[in-house]
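S.K.: Below you'll find the structure I mean.
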Amino acid sequence: MALTRAGQLRRVPAAGQLRRAATVGALVVALFGAAACTGTAPGGPAAAGSAPASTDSPSPPSDAATGGPPAAPAQVPDVLRFTGTTLGGAAFDAAQLAGRPVVLWFWAPWCATCASQAWTVAEIAPKYRDTVPIVGVAGLGERKAMKEFVTEFELGATPQIEDSKGVLWKRFKVTEQSIFVVIDRNGAIVHQGFLDGEALTAKVAALAGA
């Protein structure tokens, strides 16, 4: 006990109590110092028994429309496993058409029937470019004549494969012109033969809506 200036008595902590208080204060300072170094408060996510923060790369973004994972590429059916070169000189790979209905049009530059169908193809092909692609396969003629045919009938917006050696004609067993080979989105041939302009338009529209 000690006497204050006001004459009142006050309790003076014992030496052991002072040492314990100093020890507790030192521990508190040490704990806060550790928290400041690690950036994690005691008992936070890095505490014993909790999972450490992940350092893995982020997962691929989900499909915004469905909330699920990105859609897998469409499987390429055997019927679309072919390549070629367009009359414009560009490489063409039919695998890029997988997952959609496709119309292959086998024509020759001197064919009057092909000429009558060309106007219909030129009219509807741009409209259905993304849903039912129409691809011309030119054969039985010279390259120069084929290019003139495309220019005359305004078919430049539609892929036209040069097949002067008849490789694709033989692959699809086409022996005459003008022939349309219609392939559904699953890779099945649903029509092979002649189609006039009206029938071609109706078939392509039906495929687009399927």
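Values quoted throughout were computed directly from the atomic coordinates according to the rules given, and no laboratory measurement underlies them. Model, not experiment: these values are computed from the prediction. Cβ coordinates were reconstructed from backbone atoms using ideal geometry, including for glycine residues, and neighbour counts include every protein chain displayed.
S.K.: May I ask you to derive the FRET efficiency for Glu198 and Lys173 from their Cβ-Cβ distance with R0 = 22 Å, giving the value to the nearest 0.05?
M.R.: Efficiency, from the Cβ-Cβ distance: 0.30.
S.K.: Further question: Would you mind counting up the charge near Pro77? Only other residues with Cβ under 10 Å from its Cβ, with Lys and Arg at +1 and Asp and Glu at -1.
M.R.: 0
S.K.: Considering the options Ala188, Ala108, Ala199, tell which one lies farthest towards the positive end of the dipole of segment 103-210, charges being +1 on Lys and Arg and -1 on Asp and Glu at the Cβ, about the Cα centre.
M.R.: Ala188
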